[in-house]
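Working notes, structure below.
Rule-based calculations on the coordinates, nothing more; no lab input. Note that the structure is predicted; figures quoted are calculated from it, not measured. Heads up, the Cβs are rebuilt from the backbone with ideal geometry, glycines too, and the neighbour counts pull from every protein chain shown.
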Amino acid sequence: MTRKKTFTALILLAAMAGVLRAQETTLTLSVKDAENYAIEHNKELQNATLDVRKAEAVKWQTLGTMLPQVKAGFDYQNMCGYEMNMSMFHIAMNPYGTFSLTASVAITGSQIVGTMMGNLSKQMADITLKQTEQSTRKNVKSVYLSILVMEKTVVLLDSSLANIQSLQNTAQNAVNAGASEQVDADQIAVQVNSMKNNINSSKRSLELLYNSLTLQLGAKPGTKLILTGTLENILDLDDTKSLLSETFDINRNYTYQIIKKSEELSKKQVLMAWMNYMPTLSAYYQYSSKTYFGKDEGMNMTPPNMIGASISMPIFSSGVNAAKVREANISHRETLNTVSQTEDALMVQERQLRYNLVSAFENYQNQNENIEVSQRVFKNIVNKYKVGMSSSLDVTNASNNLITAQSNYIQAVMQLVNAKIELENLLNINR
């Protein structure tokens, strides 16, 4: 019994170890690696890919209705011994079976237009897939850079905390030596606690960002992510400047491509409405073979081969077809207005995003200079405090100014990153 328990425990431990190993999967990713991984594993993108395949299937459903349809059948009948009595003779109604094979085809104008619309729907699904891929890359890149920014925030705060804690020790030693009042040391202690809270809050935000990136990547929960990119390399200020010189080709924008396809689709809807006035052509071929199961052959009046063709033309529909044409024309005009509005909106958006990028770039440069100045001022105040030439209040103010400068710098970096990504998406540029 003891051996059984030991063996069971070993199996459970091995299973738990396997689960832990599965949960501790590690991914080492650059920005491009992260984007490419998400393209392969992101669930939303996988659904967009399935939508393309679904649109292809719908297109072939419509096309299939224009191709010959073949069906086979077998019919069995038994008169239960009944005989047909004629004046001169009797006819036995023996059991029989009939095998039939029918091939038919019917073509309407609606089917032809429906096939065209199926092609357009497939093209729209392809564009939507590309747009979803673009959106996935954008989201991954944005979260990836947010993580790097937050990690830098933690590094900056840790550096400031180390300086403040060193200063706190100096202040407390001065109090213990009777050279300073306790209130001075307490003010610095309050600053230390405040900075610790900021660091803890930043670390919680960092954990949330890592979870968000895991979700965007389509990786399994518990996957450990190691980011190899650096903020400085990814920002690439020269590349940001060159982006402003890129021209805007509206035809490359996925949103505009989709709305143009919608315009084509609405035009086909008008044509589809007109097809209600068109004739329907149909033709068929039928082969039949009747077999009697009795000892005597019955009367076989079924022709083995038969062909037929027909054409039908709508004459009067009480104005229903005319109303459908009017409705389709109105919808098409609405779509044309939407296309025009989208063109105007995209052109305005392009100007705004360029302005946002220029503004974010200038703000980044200013905040980068401000943080350097604030760091120098803080170090100067700290040095003066150590020799008794500044007060604890000066240290507190300098520390708060440094934290504010760091916060402004981080926000400036995020604004620059987001402004760049937004303009890249509008221009459909993947760098």
Share (percent) of C-alpha pair distances in segment 103-249 greater than 19 Å works out to 74
Under Stokes-Einstein, segment 223-306 at 10 °C and 1.306 mPa s, with its Kirkwood radius over C-alpha pairs, diffuses with a coefficient in µm²/s of 72
Of all stretches in the chain that avoid GluC sites (Glu not before Pro) placed in a DSSP loop and having at most 15 other Cβ atoms within 10 Å, the longest is 25-180
Residues meeting the amide H criterion for Gly229 (H placed from the backbone, H to H distance under 5 Å, 5 or more places apart or on another chain) are Val31
In degrees, nearest 10, the alpha-carbon axis of helix 320-386 is tilted away from the dominant principal axis of the alpha carbons of the chain by 20
Note on segment 287-398: C-alpha Rg/Rh, Kirkwood Rh, two decimals, gives 1.76
Scoring the chain by relative contact order with C-alpha pairs under 8 Å, at least six apart, yields a percentage of 23
Taking chymotrypsin sites (Phe, Trp or Tyr not before Pro) as exposed when in a DSSP loop with at most 15 other Cβ atoms inside 10 Å, the chain has its longest clean stretch at 90-292
Place a point 7 Å from the Cα of Met278 in the direction of its beta carbon; the residues of segment 42-56 whose amide N falls under 19 Å from it are none
Under the rule rounded for a/c under 1.5, else prolate if a/b exceeds b/c, else oblate, using alpha carbon gyration tensor axes a ≥ b ≥ c, segment 207-347 is classed as oblate
Computed from every Cα-Cα pair in the chain, P(r) in 10 Å bins starting at 0 and rounded to whole percents is 4, 12, 14, 14, 13, 12, 10, 8, 5, 4, 2, 1, 1, 0, 0
Cα pairs beyond 13 Å in segment 190-257, in percent, come to 79
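Rg to Rh ratio, segment 354-431, alpha-carbon atoms and Kirkwood radius?
Dividing the radius of gyration by the Kirkwood radius yields 1.24.
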Expected unfolding gain across Ser245-Tyr287 under the 0.36 nm per residue rule, minus the alpha-carbon gap, is 8.0 nm
